[in-house]
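What follows is a set of notes on a single structure, which appears directly below.
Every number in this text was worked out from the coordinates using simple rules, so none of it is lab data. Please read all numbers here as calculations on a predicted model, not as lab measurements. Virtual Cβ from ideal backbone geometry, glycine too; neighbours counted across all protein chains shown.
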């Protein structure tokens, strides 16, 4: 079976490529015939001398290099959780992507530029009780983009909604 496209799934800060949510997204992608990869940013997250969130510019550069190579081969979807969502959105401005899937996206993040993304289909899952990123900010960000937005009874980690995250991601992939 030929692949429909490729997904790059970026984990959140102080998480890893084997994290529950990105693993669930990888399984959803596979079921729908998409190839996928899960970059490891743990070495960059550990670089606290750069910032409290590690080396964010190096995270963006790592994803950018992978995304440029993947986009040259065919349709590309970027997905990420928290800081992984932020870097996925940033990279979508520089590489042609078919869609974006953002879990608990930080609309504002300290000194970093506010969340920006390419004008492509965007799906978001966010917790009503996110202790780091108010749901109201995500709603305000999503509205002018007509993004598909699923708000759930959960916190920043979305731990109780891993299956919902995977289903929402699968819906995005199926629609592309």
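Taking a quarter of the surface of the Cα convex hull of region 123-176 gives a mean projected area of 3.6 nm². In this label model, residue 145 and residue 47 are separated by 2.5 nm, measuring between points 7 Å along each Cα→Cβ vector.
Taking only the Cα atoms of region 80-166, the radius of gyration and Dmax are 11.9, 33 Å. Entry note, the chain: relative contact order of 21 percent, from Cα contacts under 8 Å with a spacing of 6+ residues. Note on region 77-111 and region 112-144: Cα centroid distance 10 Å, given to the nearest whole angstrom. Shape of region 1-80 from the C-alpha gyration tensor: oblate (a/c of 1.5 or more and a/b not above b/c, with a ≥ b ≥ c the square roots of its eigenvalues).
The gain in end-to-end length when the residue 94 to residue 30 segment is fully stretched comes to 20.5 nm, 0.36 nm per residue minus the alpha carbon separation. Remark: relative contact order (region 47-134) = 23 percent; criterion is Cα-Cα distance under 8 angstrom and separation of 6 or more residues.
Kirkwood radius for region 1-43, taken over all pairs of different Cα atoms as the inverse mean of 1/r, rounds to 10.6 Å.
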